[in-house]
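Only one structure is covered here, and it is reproduced in the block below.
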Amino acid sequence: MFPRLALFIVITVLAGCRDPHRADSDDPRIRYEGRIAPDAQGRVRLVWPGAALHLRTTGGTLSARLTDTPYEDSFRDCDRLGVSVNNGPLRIVPLREGTHRYALTDALPAGLHTVRVVKLTESEVGAVRIDGVSVEGGALTQATPRPTRTLLAIGDSITAGYGVDAPDPRCEYDVTANNADRAWVSLAARALGDELHLVAWSGRGVWRNYDPAIDETLPTLFERAVATDATSREDLSRITPDAVVLNVGTNDAARPGFDRARFEASLDAFVRRLEGRYPRARYVLAVGPMLNDNAPVTGSMLRTQVRDATVAVARRSAARGVRAQVLELPMATPDEGWGCGYHPSAITQARMAARLVAMLRARW
């Protein structure tokens, strides 16, 4: 009996006399990862894709009381979470609109277990408020320590994991196929052991968006804690990233009338803003895998134009003394398949992640 008694004493001390079986969203035993957004009452919301919470329990069944608020758009979908226990495969938890309690794990045996809960869906799906977590048959203790390095990733649908879980490319939009946890930057961050702050939204560019009726580009959205709220502001000093990975250009070049000079100027202005905020970070400017020199028009040379503009911006950064590199991501091949709308498949995303991991490991 003594080891169990000792474990109970350790848990009680770590919890600081808090209830060992439950925690509110602001409890220090919960470690959050990514860009989160407290509401007016201080309850934490997961809005951006890839935002996550980390927990640790001594066993038992872990559950959470969550409020999902769909974004008011034409789809009005509900969010989906992924739950990983002890770094195992994700268990998908589809949410319902409103406040409900969800079982996050099955009954876990006695012993310390790590649990990661990640938002798989994008900001335009909705916001997930954490109202509290509880465990039956075990106790909550302090989550695993925060990683020593932070990776900030900014991008569009490719970086958000759009359509990566699709069975074939014919779907244009399917919320069940979206999975930020299988996007290349998410895979790379886990392989490197880094904390990830993911700022991504499908269809957005740095100069113009895929949908010409939408004015808010990624440089505008980057300033927001709640992506869908124009009045929301993120505290950009909350993190000091060791690396900033930026993948834009696919949506800028997607429609007729692509202007390389305007794209390059917009990209350069955004990179300069990021450098001003994070001057010591290492910068990776990526050329996306969906760009093609012969699509949508043969001989359009869109991939070459975006790549050349990206290289020019990286060179100017390097001339300012900033550590900047260009990463040209591989295009998908037919044997790898595609996600929704011919976005990268899980295989292609993993291959892209391996390229990023190799580049970052070479210079850490």
Selection from the stretch 107-127 of residues that are outside any strand (DSSP E or B) and not small (Gly, Ala, Ser): Pro109, Leu112, Leu120, Thr121, Glu122, Glu124, Val125
Conditions (1) over 16 Å from the mean Cα position of the chain (by Cα); (2) farther than 28 Å from Ala40 by Cα; number of the one not met by Ala189: (1)
Residue count, the stretch 350-364 (criterion: exposed (fewer than 15 other Cβ atoms within 10 Å of the Cβ) and not small (Gly, Ala, Ser)): 3
Filter result (of a type in the set (Val, Ile, Thr) and farther than 22 Å from Leu152 by Cβ) within the stretch 306-364: Thr333, Ile347, Thr348
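Yes/no per residue for (1) free of Cβ contacts under 8 Å to residues at least 12 places away in the same chain; (2) farther than 22 Å from Ile239 by Cα:
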{"residue": "Gly138", "(1), (2)": "no, yes"}
{"residue": "Thr159", "(1), (2)": "no, no"}
{"residue": "Thr176", "(1), (2)": "no, yes"}
{"residue": "Asp181", "(1), (2)": "no, no"}
{"residue": "Val199", "(1), (2)": "no, no"}
{"residue": "Gly203", "(1), (2)": "no, yes"}
{"residue": "Asp211", "(1), (2)": "yes, yes"}
{"residue": "Asp215", "(1), (2)": "yes, yes"}
{"residue": "Thr220", "(1), (2)": "yes, no"}
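Considering only the stretch 36-68, state which residues are surrounded by fewer than 17 Cβ atoms within 10 Å (Cβ to Cβ) and either aliphatic (A, V, I, L, M) or in contact with a Gly (Cβ under 7 Å, 6 or more places away or on another chain) (or both).
Ala40, Thr61
One line per residue, one yes/no per condition, for (1) in a loop (DSSP other than H, G, I, E, B); (2) surrounded by fewer than 17 Cβ atoms within 10 Å (Cβ to Cβ); (3) of a type in the set (A, V, I, L, M, F, W, C); (4) modelled with pLDDT of 95 or more:
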{"position": "Phe270", "(1), (2), (3), (4)": "no, no, yes, yes"}
{"position": "Leu274", "(1), (2), (3), (4)": "no, no, yes, yes"}
{"position": "Thr310", "(1), (2), (3), (4)": "no, no, no, yes"}
{"position": "Arg315", "(1), (2), (3), (4)": "no, yes, no, yes"}
{"position": "Gly321", "(1), (2), (3), (4)": "yes, yes, no, yes"}
{"position": "Gly341", "(1), (2), (3), (4)": "no, no, no, no"}
{"position": "Thr348", "(1), (2), (3), (4)": "no, no, no, yes"}
Residue match in the stretch 243-265 (condition: out of contact with any strand residue (DSSP E or B) (no Cβ under 7 Å at 6 or more places or on another chain), surrounded by fewer than 16 Cβ atoms within 10 Å (Cβ to Cβ), touching a residue at least 40 places away in the same chain (Cβ under 8 Å) and under 21 Å from Arg224 (Cα atoms)): no
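Listed residues Gly257, Gly203; which is closer than 25 Å to Leu356 by Cβ and in a loop (DSSP other than H, G, I, E, B)? Lay out the reasoning, then the answer.
Numbers: Gly257 fails: closer than 25 Å to Leu356 by Cβ.
Step by step, each of Gly257, Gly203 is checked, and only Gly203 is closer than 25 Å to Leu356 by Cβ and in a loop (DSSP other than H, G, I, E, B).
The values are calculated or read from the model by the stated rules, or taken from the named source; none is laboratory data. These numbers come from a predicted model, not from an experiment. Cβ sites come from the backbone with ideal geometry, for glycine too, and all protein chains shown count toward neighbours.
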